[in-house]
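Taking it in order: structure first as structure tokens, then the write-up.
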Amino acid sequence: MTGIKRSIATEYEGITFRSKLEADYARCFDALGVEWRYEPKGQYFGDQFYLVDFYLPRSRQWVEVKGVFEPADVRKIAALLEHVPARPFTDEDCPDIALVACVPDGHFVGWARGVVSRYDDLLTLSRRASRDVELLACTECEGWWFGDIQGSWKCQCCGANEGGRHILSSVGSPLPEFPNVHALHFASILQ
Ligand SMILES: [Zn+2]
């Protein structure tokens, strides 16, 4: 087995993160200008108490930083997806991606709210219901959110989606010591 490492508590900005990976993501978010909160408080989603690592207040998305998901984690994910309030600026073409997992290799996967009802077992949920997402920025409000670029583009912070002209930037991390250093790239989608 590889990829399972003991977590090392890491201090950043006066916060003690449970792992270096979590602190790395906090630094990554800061470098980009993504507003975040670290574990504001745990809460119940249905009957499951879940202390999610980060909350992004502008896009109203929960972010879990983790390499390996155990069955207990999947149960909590399922509970969140079932009970979390609907987010604005979502529709059939722009799914309500309520929870995102940041994995050590720098990839992001997201789960859409309500997806649980389509998968009746947790194993399927963990394996098949996730989708690749990217961290995107809005040129209108400079807000960041995790989105599926296969779907329609709509800012998840301000709802901007005007004129069919969308500009987005997509980024992994600009930090040199980050696990997966993507090139910063900007994409313009003109429709
Ligand atoms: Zn916006």
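Data overview
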{"quantity": "Residue match in the range 37-50 (condition: in contact with a Lys or Arg (Cβ under 9 Å, 6 or more places away or on another chain), touching a residue at least 24 places away in the same chain (Cβ under 8 Å) and among the charged types (D, E, K, R))", "calculated": "no"}
{"quantity": "Residue match in the range 20-34 (condition: free of Cβ contacts under 8 Å to residues at least 24 places away in the same chain, over 13 Å from the mean Cα position of the chain (by Cα) and part of a loop (DSSP other than H, G, I, E, B))", "calculated": "no"}
{"quantity": "Among the candidates Ala86, Ala79, Ala72, residue that is modelled with pLDDT of 90 or more, surrounded by fewer than 17 Cβ atoms within 10 Å (Cβ to Cβ) and not in a strand (DSSP E or B)", "calculated": "Ala86"}
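Each row is one residue, and each column tells you yes or no for (1) part of a loop (DSSP other than H, G, I, E, B); (2) modelled with pLDDT of 85 or more.
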{"residue": "Val116", "(1), (2)": "no, no"}
{"residue": "Asp120", "(1), (2)": "yes, no"}
{"residue": "Leu123", "(1), (2)": "no, no"}
{"residue": "Arg127", "(1), (2)": "no, no"}
{"residue": "Glu140", "(1), (2)": "yes, no"}
{"residue": "Trp145", "(1), (2)": "no, yes"}
{"residue": "Ser152", "(1), (2)": "yes, no"}
{"residue": "Gln156", "(1), (2)": "yes, yes"}
{"residue": "Ala160", "(1), (2)": "yes, yes"}
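The values are calculated or read from the model by the stated rules, or taken from the named source; none is laboratory data. For clarity, every value in this text was computed on a predicted model and none was experimentally measured. All Cβ positions, even for glycine, are placed from backbone atoms using ideal geometry, and neighbour counts span all protein chains on display.
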